[in-house]
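Bear in mind these aren't lab numbers, they're just calculated from the coordinates by the rules spelled out. On a predicted model such as this, the values are computed, not experimentally measured, just so you know. Note that each Cβ is placed from the backbone with ideal geometry, even for glycine, and that neighbours are counted across all protein chains shown.
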Amino acid sequence: MKKVNQIIAGVLLSVSFCSVALATAWSVADTGAGRVFAGEKGLSLYTFRKDTPNLSNCYDDCATAWPPFLAKADAKATGAWTLVKRNDGSMQWALKGMPLYYWVGDSAQGDTTGNGVGGVWDLARP
Amino acid sequence: MNTVIKLSAISLIALSSIARAAYDTPSAATSMSHAWKAADSSKGKIFTDPSGKSLYTFKKDTSGVSNCDGACATAWPPFAAKAGASTKGAWTIVSRKDGSQQWALNGMPLYYFAADKAAGDVRGDGIGGIWDLARPAKASMQTPSTSTY
């Protein structure tokens, strides 16, 4: 019985360890516009063609319409996912150097209404 | 000789502007279709363009002046007035910083929202607490029929 308990405890431990280790700030979501990367609440993420690698050029009015996908204080870069510092000191997630944003026109998972806006906004895709 | 050429050039320009004015006025007046219409939406009666796309006003604008340019105008494209469009009642035309013309309702410039794709979409309403659907007030509802012409 003690051994069974130990095994159960071990399994529970490894499960919780895995979920902590695998938790990312983003996810992959299927949408009407294809497979995209999503942030909190499954909201679609976008890149901005006027940005340059590791530098956001979207502030003020732009950031009101396209809120940056901000990273938590303890977030760490992993693979193609890096962190870019904004003018106000906050850290923004970037994919392959391109800062990532939400779009105020999207309100639910699967919404992709920002895709192609102004010819300068694109869905972030895996 | 130079003076004669200059004078004729000036009179030619003057004549052509008179001719253009005479030509433009009747064509604008004969066009009876409006650039806008009232439509029912899930958020009540609103103003849209002829294709049914919702129109919005911006609380940071002031009467007759748009304060939405650059990135703002990418997200909220101005509801442009065609060359030769004539104002009517509460519907006026304001000049944008880039020189283009934009429709305004009761002095407030009108915009689309880039997230609205189809007639009936009203995704921009209330965004940031500063964007509102353009709605027919009782007074402006009557505007199209109370033409001064």
(request) Within region B:113-129, track down each residue that is assigned to a loop (DSSP other than H, G, I, E, B) and loosely packed, with under 14 Cβ neighbours inside 10 Å. (result) B:LYS117, B:ALA118, B:ALA119, B:GLY126
(request) Could you grab me the full set of residues in region B:33-71 that are within 14 Å of another protein chain (Cβ to nearest Cβ), surrounded by fewer than 20 Cβ atoms within 10 Å (Cβ to Cβ) and without any contact (Cβ under 8 Å) to a residue 40 or more places away in the chain? (result) B:ASN67, B:ASP69, B:GLY70
(message) Here is a list: A:PHE48, A:PHE69. Which entry is touching a Gly at 6+ places or on another chain (Cβ under 8 Å) and surrounded by 13 or more Cβ atoms within 10 Å (Cβ to Cβ)?
(response) A:PHE69
(message) Can you pull out every residue in region B:100-112 that is in a loop (DSSP other than H, G, I, E, B) and without any contact (Cβ under 8 Å) to a residue 60 or more places away in the chain?
(response) B:SER100, B:ASN106, B:GLY107
(message) Quick check on this structure: which one of A:ARG49, A:ARG35 is of a type in the set (Lys, Arg), under 23 Å from A:ALA108 (Cβ atoms) and out of contact with any helix residue (DSSP H, G or I) (no Cβ under 6 Å at 6 or more places or on another chain)?
(response) A:ARG35
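Each row is one residue, and each column tells you yes or no for (1) on the phi > 0 side of the Ramachandran plot; (2) outside any loop (DSSP other than H, G, I, E, B); (3) in contact with a strand residue (DSSP E or B) (Cβ under 7 Å, 6 or more places away or on another chain).
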residue	(1), (2), (3)
B:ALA39	no, yes, yes
B:ILE46	no, yes, yes
B:PRO50	no, no, yes
B:THR74	no, yes, no
B:SER86	no, no, no
B:THR92	no, yes, yes
(message) Of the residues B:LYS97, B:LYS82, only one is within 14 Å of chain A (Cβ to nearest Cβ) and assigned to a loop (DSSP other than H, G, I, E, B); which?
(response) B:LYS97
(message) Looking at region B:86-94, can you tell me whether even one residue there is under 27 Å from A:GLY119 (Cβ atoms) and either surrounded by fewer than 17 Cβ atoms within 10 Å (Cβ to Cβ) or of a type outside the set (A, V, I, L, M, F, W, C) (or both)?
(response) no
